[in-house]
Amino acid sequence: MLKTLMPRGLRLGLLGAAAAAALAFGTTAPARAQIHIAVAGPITGEYAAFGTQMKEGAEMAVADINKAGGLLGQKLILEVGDDACDPKQAVSVANQFASKGVKFVAGHFCSGSSIPASKVYSEEGILQISPASTNPKFTDEGSWNTFRVCGRDDQQGKVAGEYLAKHYKGEKIAILNDNSAYGKGLADETAKALHAAGGKEVISTAYTPGEKDYSALVSKLKEAGVTVIYVGGYHTEAGLIIRQAKEQGMKATLVGGDALVTNEFWQIAGDAGNGTLMTFPPDPRLMKTAADVVKEFKAKGIDPEGYVLYTYGAVQVWADAVKKAGSADPKKVAAALKAGGKWPSVLGPVSFDKKGDVTGAGYVFFEWKNGSYAQM
């Protein structure tokens with residue numbers, strides 16, 4: 001093989017240039033080092049109010065962590081994924097995150113998105129903490145990477161079902177669901193708890209989400225003499241159903257779950273929403289552990305309602321586990337999350353069981369009155 005000879009002076013000059021370049025890159029690389037994380041939820045679509053809550057929570061958490069010096073000497077970069085609460089779109093978002101080297105995802109919102117996305121994250125080595133997905137299958141059928149800082153439908157449904165049996169004894173109850181992983185799961189768990197407590201619904205049926213006219217469903221409820229309407233589903237349809245029920249002269253009480261925790265519910269239901277009840281964990285905005293962060297949000301004109309603080313808390317807990325693990329490696333962080341705790345957060349002390357469910361999750365009732373809701 002022929003060998004091209006290079007003059008010694010030129011060779012030394014090139015070596016010197018290479019050494020200088022290596023030195024330059026060596027000194028600047030740490031300043032450019034970044035850890036990519038993400039938030040995913042319905043940024044668009046009819047449930048975009050919740051996507052906004054999650055995005056605001058994640059953005060503030062990342063800003064606060066970076067302001068305090070970042071993690072392991074590196075800055076956090078936040079990616080935002082829009083799944084529109086569509087399972088196929090959620091999988092696409094998950095694959096996009098994997099291609100960008102994302103280490104951690106705060107999301108998704110809808111259980112129907114979180115469950116299929118979690119399979120991608122598991123295969124791609126990405127840790128996931130959902131602030132909002134309550135279907136038990138998310139962690140029951142999950143892998144090393146699935147966590148949530150909210151409760152489960154079997155916990156929430158038990159509280160709702162027992163309340164219905166106790167406070168609406170003798171009333172005609174309807175249990176509706178939107179056939180989603182979240183809505184049907186919650187309605188089924190509520191019905192199970194209602195039956196166990198000696199109660200029984202007079203109607204159990206599904207409705208089609210995304211419609212604007214539920215008058216046929218309302219007529220069916222009215223004909224059956226329903227006085228309590230339990231909705232396993234989201235605020236958009238629940239608001240329309242109760243408004244149209246009141247327009248038909250029904251004097252029914254609407255009861256729902258944590259997906260009614262947005263001011264957008266009132267914008268849809270209007271005065272017909274007065275007296276609506278919903279289950280949700282104790283309001284984190286009132287916790288001492290969240291006081292400083294709540295002030296920070298309000299200074300920016302943001303009311304940290306619903307899942308804002310749950311998303312902030314998911315990022316916060318992950319960041320502390322990174323520090324404890326001394327690494328952003330997702331599997332090491334997941335092991336730290338399960339072995340450690342209680343992790344201090346805006347949600348109070350957080351710890352996880354072996355499946356990734358938060359321990360000690362509890363639900364209470366809130367009531368909508370004159371455009372706002374408060375814990376009962």
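A cut-off of 5 Å between modelled amide H atoms, ignoring neighbours fewer than 5 places along the same chain, links ILE77 with ILE35, HIS36, ILE37.
Hey, of (i) 25.1, 86; (ii) 24.6, 99; (iii) 25.6, 103, which did the structure itself give for Rg and Dmax of the Cα atoms in Å when calculated? Computed from the coordinates, Rg and Dmax of the Cα atoms in Å corresponds to (ii).
Mind putting a number on the dipole of region 154-280 about its Cα centre? Charges go on the C-beta only, +1 for Lys and Arg and -1 for Asp and Glu, and I need it in Debye to the nearest 20. List each step's numbers first, then the result.
Details: 13 positive and 15 negative charges, 87 e Å.
Charge dipole of region 154-280: 420 debye, to the nearest 20.
Please list, ordered by chain and number, the residues whose modelled amide H lies under 5 Å from the amide H of GLY233; skip anything fewer than 5 residues away on the same chain. Excluding prolines and chain starts, which carry no amide H, the hits are GLY257. Charging the Cβ of each Asp and Glu at -1 and of each Lys and Arg at +1, and nothing else, the dipole of the chain about its Cα centre rounds to 1400 debye.
If each DSSP helix of 4+ residues adds -39,500 (n - 2.57) and the sum is divided by the residues in the chain, what number results at 222 nm, nearest 500 deg cm²/dmol? It would help to have the intermediate numbers written out before the result.
Numbers: 13 runs with 173 residues, N = 376.
When only DSSP H runs of four or more count, the value is -14500 deg cm²/dmol.
When the Gaussian network model of the chain links Cα atoms closer than 10 Å, the mean-square fluctuations of TYR168, TYR121, TYR307 top out at TYR168.
In this entry, region 104-172 is assigned a mean projected area of 5.1 nm², taken as a quarter of its C-alpha convex hull surface.
With respect to the chain, whose longest principal axis is taken over its alpha-carbon atoms, helix 308-325 is tilted by about 40°. Rounded to the nearest Hz, the phi-derived 3J(HN,Hα) couplings of region 187-197 under the Karplus curve 6.51 cos²θ - 1.76 cosθ + 1.60 (θ = phi - 60°) are 4, 5, 5, 5, 4, 4, 5, 4, 5, 4, 8, where x marks glycine and proline. Across region 115-121, coupling constants 3J(HN,Hα) worked out from phi with the 6.51/-1.76/1.60 Karplus curve, θ = phi - 60°, read 5, x, 5, 4, 5, 5, 4 Hz, and Gly and Pro carry x.
Taking the alpha carbon gyration tensor of region 28-160, multiplying each eigenvalue by 5 and rooting it gives semi-axes of 26, 16, 15 Å, largest first. When the listed pairs LYS88/LYS331; LYS158/LYS246; LYS184/LYS212; LYS169/LYS200; LYS88/LYS119; LYS251/LYS369 are checked against a 18 Å cut-off, the alpha-carbon distance exceeds it for LYS88/LYS331; LYS158/LYS246; LYS184/LYS212.
Among ASN274, ASN135, ASN177, determine the one that fluctuates most according to a GNM of the chain built with springs between C-alpha atoms less than 10 Å apart. Result for the chain, Cα springs under 10 Å: ASN274 fluctuates most. Give the relative contact order (percent, whole number) for the chain; include only Cα pairs under 8 Å separated by 6+ residues. Relative contact order comes out at 17 percent. Shown for the chain: cysteine residues without a partner Cβ closer than 4.7 Å, namely CYS150.
The string of couplings for region 219-236 from the Karplus curve (6.51, -1.76, 1.60, θ = phi - 60°) is 4, 5, 5, 5, 4, 7, x, 5, 10, 9, 10, 9, 10, x, x, 9, 5, 5 Hz, one whole number per residue in order, with x for Gly and Pro. Take the convex hull of the alpha carbons in region 154-280; its mean projected area over all directions comes to 6.6 nm².
Based on the Kirkwood radius over alpha-carbon pairs, what value in µm²/s does the Stokes-Einstein equation return for the translational diffusion coefficient of region 226-326 at 25 °C and 0.890 mPa s?
158
Remark on LYS172: its backbone amide H falls under 5 Å from those of THR227, VAL228, a criterion applied only to residues 5 or more positions apart or on other chains, H modelled at 1.01 Å from N.
Values in this text are rule-based calculations from the coordinates and carry no lab data. For clarity, every value in this text was computed on a predicted model and none was experimentally measured. Neighbour counts run over all protein chains shown; Cβ positions are idealised from the backbone, glycine included.
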